[in-house]
Amino acid sequence: MNRSQFDLAVGAFVALGILALLFLAMKVGNLTGFDTGTAYVIEARFDNIGGLKVRAPVKSAGVVVGRVESISLDGETYEAVARLRISSAFRFSKDTIAIILTSGLLGEQYIGLEPGGVPEYLVQGDRVMKTQSAMVLEKLISQFLFNKAAETPGQTK
Amino acid sequence: MAVDPIARVIAPRFMAAVFSVPLLAALFSAAGVGGAWIIGVKLIGIDDGAFWSQMQASVDVRIDIVNGILKSVVFGVAVGLISVFEGYFAVPTAEGVSTATTRTVVTSSLTVLLLDLVLTVMMFRGLN
């Protein structure tokens, strides 16, 4: 292999590597999303966030409008504080309701925003006043069992 | 000999390792995704859109891809250093070269294993 062929092979290798990187970034990592755009952060407090994770999607009407930026616990009220990074392209009224939902029966959890009707909009640092916690399967089951146990004595005979 | 072996032989090989290992890592990651696509979409018949949306939902650029490339850079430096070191101090006989090769492979694998552990702990300490 002479020098120019060798250089060509090296160039092809480097080009292929950079192409692979671009492929990973664009197609797999979805860097083209609005993550690079401007956004504002709002705060939502939940009694229980269940299995919600950082970077979980925030959806409104099923469309992703933002991501969960951080999750922490308020040491005084023992509420979970989720900070949501919402794309500036979308505005939500002050009485928006934040609900923790599950995609599918056993899918990942995300935050659903139900817009309200007040003409004032949430801005950077605002707090979502109305929230609904995650449904915890164990609690549902125990509630169901308790109800069953409570109604059985009356139903026998 | 008037040729400086460090500048003429060692440095180019070391630099080649440092640059090519991250490129190879990116190439292999892409090949892995491509292979999964061929098996999933072409052979098993998963919907193409569902495949990519699930892929994008579970892969994070900074956590997964950037950290992977970062690791490969560190591995490239480590393996490159070990290889040129063993090569430079190899006994110049047939036996010496084979011993040096074996030592390089063994030391590199163990170093990569150890560095991988350390890097993983450093990168994922703050998560979850």
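The values are calculated or read from the model by the stated rules, or taken from the named source; none is laboratory data. The structure displayed is predicted, hence computed values, not measured ones. When we count neighbours, we look across all protein chains shown, and the Cβ atoms used for this are built from the backbone with ideal geometry, even at glycine.
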Any chance segment A:14-25 includes a residue that's more than 12 Å from chain B (Cβ to nearest Cβ) and modelled with pLDDT of 90 or more?
no
Looking only at segment B:17-33, decide whether some residue is within 30 Å of A:Val63 (Cα to Cα) and either away from chain A (no Cβ under 13 Å) or over 14 Å from the mean Cα position of the chain (by Cα) (or both).
yes
State all residues of segment A:76-95 that are in a loop (DSSP other than H, G, I, E, B) and within 16 Å of the chain's Cα centre (by Cα); if no residue qualifies, say none.
A:Phe90
Conditions (1) touching a residue at least 12 places away in the same chain (Cβ under 8 Å); (2) not charged (D, E, K, R); (3) not assigned by TED's automatic domain parsing to the domain that holds A:Phe46; number of the one not met by A:Gln143
(1)
Could you check how many residues of segment B:34-54 are assigned to a helix (DSSP H, G or I), more than 12 Å from chain A (Cβ to nearest Cβ) and closer than 24 Å to A:Ala25 by Cβ?
8
Within segment A:38-75, take every residue that is among the basic types (Lys, Arg), in a strand (DSSP E or B) and within 14 Å of another protein chain (Cβ to nearest Cβ) and give me the one that is surrounded by the most Cβ atoms within 10 Å (Cβ to Cβ).
A:Arg67
Select from segment B:15-59 the residues that are at pLDDT below 90 and among the charged types (D, E, K, R) and list them in ascending order.
B:Asp47, B:Asp48
Segment A:76-103, residues that are among the aromatic types (Phe, Trp, Tyr) and surrounded by 15 or more Cβ atoms within 10 Å (Cβ to Cβ)
A:Phe90, A:Phe92
So which residues in segment B:1-16 are more than 14 Å from every other protein chain (Cβ to nearest Cβ) and closer than 24 Å to B:Ala78 by Cα?
B:Asp4, B:Pro5, B:Ile6, B:Ala7, B:Arg8, B:Val9, B:Ile10, B:Ala11, B:Phe14
Filter result for the condition that a residue is surrounded by 15 or more Cβ atoms within 10 Å (Cβ to Cβ), touching a Lys or Arg at 6+ places or on another chain (Cβ under 8 Å), part of a helix (DSSP H, G or I) and β-branched (Val, Ile, Thr), over B:Val66, B:Val84, B:Val79
B:Val84
Test: residue in segment A:100-109 that is closer than 16 Å to A:Val41 by Cα and assigned to a strand (DSSP E or B)
no
